[in-house]
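What follows is one structure encoded as structure tokens, with my remarks underneath.
The values are calculated or read from the model by the stated rules, or taken from the named source; none is laboratory data. All of these numbers come straight from a predicted model, not from anything done at the bench. Note: ideal-geometry Cβ built from the backbone for every residue, glycine included; neighbour counts use all protein chains shown.
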Amino acid sequence: MSDPYFIAVSAITIASAIIALEFRELIYGAIALAITLLGVAMFFVLLDATFVAMFQITVYVGAVVVLIIFTIMLVRREAWLKLDEGGRRRVMGAVIALAVIGLLGALLAGSSIARWQASEDVPTLIQIGEEMLTYYSPAFIALALTLAASVIGALVLAKVERDKGEEDEESSSEVGVEERREAGMEEVERKKEGEGEEGR
Amino acid sequence: MAEILDYTIVSIILLAIGIYGLTVKRNFIRMLFAVEIIVNAANLNLVAFSRLMPSPNATGQSFALFSIAIAAAEVAVGLALIIVAYRIYRNIDIKGLKRLSG
């Protein structure tokens, strides 16, 4: 526990994880989540896994958090700030979290990993590349297919609803002015959503 | 150099924070944050064990790379679901989504 870098990074990571979940404004929560993910990337650097750290920063901070921030901007409403979480819910959540810490901590303290001696060997990038493209190549291909399937699935989820919305709008062309105005507002929102999807 | 026990303790704390978020929060996007934190706790464990085992090898790091890629796909689908649910219910309170169960 003597490494000051380790203590600083773990303080940043844990504090920003709590802020990400508890800060009232969702955008600041997303930025705190980005800091948590950067903290985990710093842990990877401390563990001599620089490639995984770069991957983490590129994928999480570069893509995932930006995507989350776009979605928040797309669907933000003041009403969310009033979502009642309830004192009892909060207490139950804290009890479960502390129970997890206590049980797993006791399990680890009783195990033999505390006596492990870290060796000086560092897994190299060459080793990772060889493993991923030889022994784990089926998993690598399956991963590529999973990613493609999830991207197509996300696009389909977003597209089908839009078509349905256009039909609704056509059928509502005979109704009153107020409803038509609502449909117009919906169209504006839909355009915004379309822009968000292009950003993706 | 920190010991393996320190890394596992940090990972457990992150896991507990994620579980707290999943239990308490009713906002769909916050729950996605909690899932991300849990996935990162798992990745931290994988990389820590990969480096600090008595005989280090690269398998843990390869697994962490797979895990990060899968988590990215999961976020893409989750956010698409949020947008669809928001279009239908005009809200992202998960209580509204109970009607999905039919």
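Overview of results
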read-out: Of all residues making up the stretch A:15-35, the number that are without any contact (Cβ under 8 Å) to a residue 24 or more places away in the chain and closer than 25 Å to B:Gly60 by Cα; value: 2
read-out: Residue match in the stretch B:3-26 (condition: under 18 Å from A:Ala8 (Cα atoms) and part of a loop (DSSP other than H, G, I, E, B)); value: yes
read-out: Filter result for A:Leu98 (touching a residue at least 60 places away in the same chain (Cβ under 8 Å) and in a helix (DSSP H, G or I)); value: no
read-out: One residue from B:Arg51, B:Arg99 being at pLDDT below 80 and either under 20 Å from the mean Cα position of the chain (by Cα) or basic (Lys, Arg) (or both); value: B:Arg99
read-out: Residue count, the stretch B:82-102 (criterion: touching a residue at least 24 places away in the same chain (Cβ under 8 Å) and surrounded by 15 or more Cβ atoms within 10 Å (Cβ to Cβ)); value: 6
read-out: Test for B:Leu79: is it within 7 Å of chain A (Cβ to nearest Cβ) and of a type in the set (A, V, I, L, M); value: yes
read-out: Residue within the stretch B:51-59 that is touching a Leu at 6+ places or on another chain (Cβ under 6 Å), closer than 19 Å to A:Val65 by Cβ and in a helix (DSSP H, G or I) present; value: no
read-out: Answer from A:Ala109, A:Ala118 - the residue that is modelled with pLDDT under 85 and in a helix (DSSP H, G or I); value: A:Ala109
